[in-house]
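Okay, structure first, notes after.
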Amino acid sequence: MARYSGPDCRQCRREGMKLFLKGEKCYTPKCPVDRRPTAPGVHPQTRRKPSEYGIQLREKQKARRIYGVLEGQFRRTFERAERMKGVTGENLLQLLERRLDNVVYRMGLGTSRTQARQLVRHGHFAVNGHKVNVPSYTVREGDVIEVREGSRKSPLLKSLATFAAGRAIPGWLSFDPEALKAQVLRKPLREEIDAHIQEHLIVELYSR
C-alpha cells in the first residue's frame, strides 16, 4: 500500500477532529476542520450509527494518520507491542512515540510529523553520533538525538530552532535548543502522550 499523497486536511475531516498534520495551519482560522466540520466528499453524507467494528477501525486509522504510519508498519508495531511486557495498548503508543520522526517533532524541530519525517529522511539528524535517516528508527533510553554538524547552518533548521525554543517538551525528553540536542530520559508515560487515541479499541480490533 502506497503512502497517502492527498490533502492532509481531508484526513482530519474524515476523522472528525484535528490530527495536527499541517503544523501551524492547524492553529489558525484557516483550518478546514473548523471551517468545514463535515466528512469529505462531494455530496452531504448521512452519518449512520457505526458498528463496533467500525468504531475500532476508525480508531486504528486515526492512530495511523496521526503518526504517519503505513498499514504494514502499524501491524508490525502492534505485534512488537504484544511481545513486550505490560499493557499492549500502552506499549503500542510508546513505540509510536519513540519513532525518530516523532521525537524530532517533539523536540520542536518540525512543525508537523510530516516535516519532521522529511528532515530525518534527508539525513539531518544523528543518534549517538551516527547518522540515521530512517524515520521509524526506535530510540531507547539514554540515546542522544542531535542535528548533524553539516545541517546546523540550514536556514530551515535555524528557523525551526527558534520555533522549538517556545515549544513544551515532554518529560521523557530533555532538550537543549542552543545545542539542538535531545536525550531520551526514559520511556514515555501514558499520561504524557497527548494523542487522543483510545488504544484499547485498537487492541480489540486486532484481537478479532
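What follows is calculated from the coordinates using simple rules that are stated; it is not laboratory data. Just so it is clear, the structure is predicted and the values come from calculations on it, not from any experiment. Cβ placement follows ideal geometry from the backbone for every residue including glycine, while neighbour counts extend to all protein chains displayed.
Points to keep in mind about this one:
- Prolate/oblate/rounded call for the stretch 154-208, Cα gyration tensor, a/c under 1.5 rounded: prolate
- By average C-beta atoms within 10 angstrom, highest first, the peptides 50-61, 66-77, 99-110: 99-110, 66-77, 50-61
- Out-of-range pairs (alpha-carbon distance over 24 Å; input Lys60/Lys158; Lys131/Lys158; Lys153/Lys187; Lys60/Lys131; Lys158/Lys187; Lys85/Lys181): Lys60/Lys158; Lys153/Lys187; Lys60/Lys131; Lys158/Lys187; Lys85/Lys181
- Semi-axis lengths, Å, the stretch 99-186, gyration tensor of Cα atoms, sqrt of 5 times eigenvalues: 16, 15, 12
- Pairwise FRET efficiency - Val144 versus Arg121, Cβ, R0 = 22 Å, nearest 0.05: 0.65
- Normalised by the number of residues in the stretch 99-186, the mean separation of alpha-carbon contacts (under 8 Å, six or more apart) gives a relative contact order of 30 percent.
- FRET efficiency estimate (nearest 0.05) - Cβ-Cβ, Arg152 to Arg75, R0 22 angstrom: 0.05
- The stretch 99-186, dipole about Cα centre (Lys/Arg Cβ +1, Asp/Glu Cβ -1), debye to the nearest 20: 240
- Between the amide H of Leu70 and any residue lying 5 or more places away or on another chain, no distance stays under 5 Å, with hydrogens modeled in the peptide plane.
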